[in-house]
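Read-outs: derived from the displayed coordinates by stated rules, not from any lab. The structure presented is a predicted model; accordingly, all values stated were derived computationally and were not measured. Ideal geometry is used to build each Cβ from the backbone, glycine not excepted, and the neighbour counts take in all protein chains shown.
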Amino acid sequence: MVKLGPTSERVFTVLRQEIVQGKLPALARLPTEYDLSARFAVSRSTVRKVLQRLAAEGLIDSRTKSGSHVRARPAESMTQVVSLMYSGVGDLLTVVQDAAMRHGCLLNLYSQQRMAWAPELEATFLDLVLAQRHQALLAFCSPLPPRNEERLERLEAAGVRVVHVEPDSIEIPRRSFLMPDYARAGYLAVTSLLLAGFSRIYYVGMPGDGPVLQLIMKGIGDAFRDHVGAQWTMEQAYVEKPDGCKPSDFAWLAAQFKGRCGIVSGSYGRARTVTEALAAAGREVPSGVRVVAVCNNSDTAHPNDPFDHIIFDRKAMYERIVDLVCVQDFAGIRELVPPCLVRVGTAASSPTPGQP
């Protein structure tokens, strides 16, 4: 395999993505070495190394007189299976299954429900997807080492349509993605609390949240910076919910939240635990303490909950992803799904003057 430096790796990544996503379709002729050199502002020797690597991975055919062409991949070589790496409730699985079947595809599932990530098992699953040449992979990968980035690259090179549906780091993925905008969710949660007059704000999470926790907290920090002109740090206001928090732990949990404050929860279940702990301690919710939950699923919100919800329309998101990866001319997607604030716990409370 041709080894590439940082500059040639950047050019290689762009061209490979354009081939995999269909922007450079099968049998299309690539621009000349001169044109590619001008486009990326690199030397022609760098371009030649990139083309050699593309040819080594089976993405192009290069001939001296006719130039380089995208290698054709017969559609019949891909099995009509959509693989989903998933953590959530069963209702969304039904949505993905039905959407896949409308396109004549079957659904293959890898569960990420376990509390601790398992990169090795994940690697075995990705190898099976590659060996069986599934049509698409909706990726929700482990953020822990050893990362499976190279396996995802091999899947794309083989023609599997890979789309990230959940973050595996705080960075935007290099390949296609359609996933919740957790940073904006944190921003929206804090903005609603600040507008309601709550300046002391906590975040309740768990270590297994991984990049989701980091992205929500990034949004919280951005909101403080934009609206208050102050810094909010994890060290100052992060509360880790005890694993399997029982009623006997409620007093400890409620004691973590000082005075009149707002609380952002990383899940619906944690918000329920927190509000029950606060109620058991005699705290007033939502007037004295207001809770906002970033919910895992769009259908979680209940009208009797004593806290507000931030939701993502995941059903629409998954239906759209399946429709995209199952069409013949898939061209990739790079999009974050915006959150929506649903007022439940504060809807019946009487706001003080100047508050929403």
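Dividing the summed helix terms, -39500 (n - 2.57) for each DSSP H run of n ≥ 4, by the number of residues in the chain produces a 222 nm estimate of -12000 deg cm²/dmol to the nearest 500.
If you average the sequence gap of Cα pairs under 8 Å that are 6 or more apart and divide by the length of the range 182-313, what percent do you get for the contact order? It comes to 25 percent, rounded to a whole number. Annotation for S111 and R133: the two label points, set 7 Å from Cα along the Cα-Cβ direction, are 3.1 nm apart. The H on the amide N of Y202, modeled in the peptide plane, is under 5 Å from the matching H of G262, I263, V264, each at least 5 residues off or on a different chain.
In order along the range 7-20, phi translates into HN-Hα couplings of 5, 5, 5, 5, 5, 4, 4, 5, 5, 4, 5, 5, 6, 5 Hz, rounded to whole numbers, per the Karplus curve 6.51 cos²θ - 1.76 cosθ + 1.60 with θ = phi - 60° and x for Gly and Pro.
Straight-line cross-link reach from K241 at under 16 Å between alpha-carbon atoms covers these aspartates and glutamates, not counting any fewer than eight positions away in the same chain: D209, D249, E276. In this structure, the amide hydrogen of L30, modeled 1.01 Å from its nitrogen in the peptide plane, lies closer than 5 angstrom to those of S68, H69, V70, counting only residues at least 5 positions away or on a different chain. Counting Lys and Arg as +1 and Asp and Glu as -1 over every other residue whose Cβ lies under 12 Å from the Cβ of R272, the net charge comes to 0.
Taking every DSSP beta bridge that has both ends in the range 16-168, the antiparallel portion is near 25%. Which residues in the range 175-214 place their backbone N less than 18 Å from a point set 7 Å from the Cα of E240 along the Cα-to-Cβ direction? So the set is 202-214.
Per residue, the average separation of C-alpha pairs within less than 8 Å and at least 6 apart gives the range 142-201 a relative contact order of 21 percent. Length available on full extension from R39 to T79: 0.36 nm per residue minus the Cα-Cα distance, which gives 10.8 nm. When DSSP beta bridges are restricted to pairs lying wholly in the chain, around 20% turn out antiparallel.
Close amide H partners of H134, meaning residues 5 or more places away or on another chain with modelled amide H under 5 Å apart, are T79. In terms of its C-alpha gyration tensor, the range 182-313 has a rounded overall shape, because the principal axis ratio a/c (a ≥ b ≥ c, square roots of the eigenvalues) stays below 1.5.
Give the relative contact order (percent, whole number) for the chain; include only Cα pairs under 8 Å separated by 6+ residues.
15 percent.
Couplings for the range 98-104, taken from phi via the Karplus curve 6.51 cos²θ - 1.76 cosθ + 1.60 with θ = phi - 60°, read 5, 5, 5, 5, 4, 9, x Hz in order; Gly and Pro are left as x.
3J(HN,Hα) along the range 108-113: 10, 10, 10, 7, 10, 5 Hz, from the Karplus curve 6.51 cos²θ - 1.76 cosθ + 1.60 with θ = phi - 60°, whole Hz, x for Gly and Pro.
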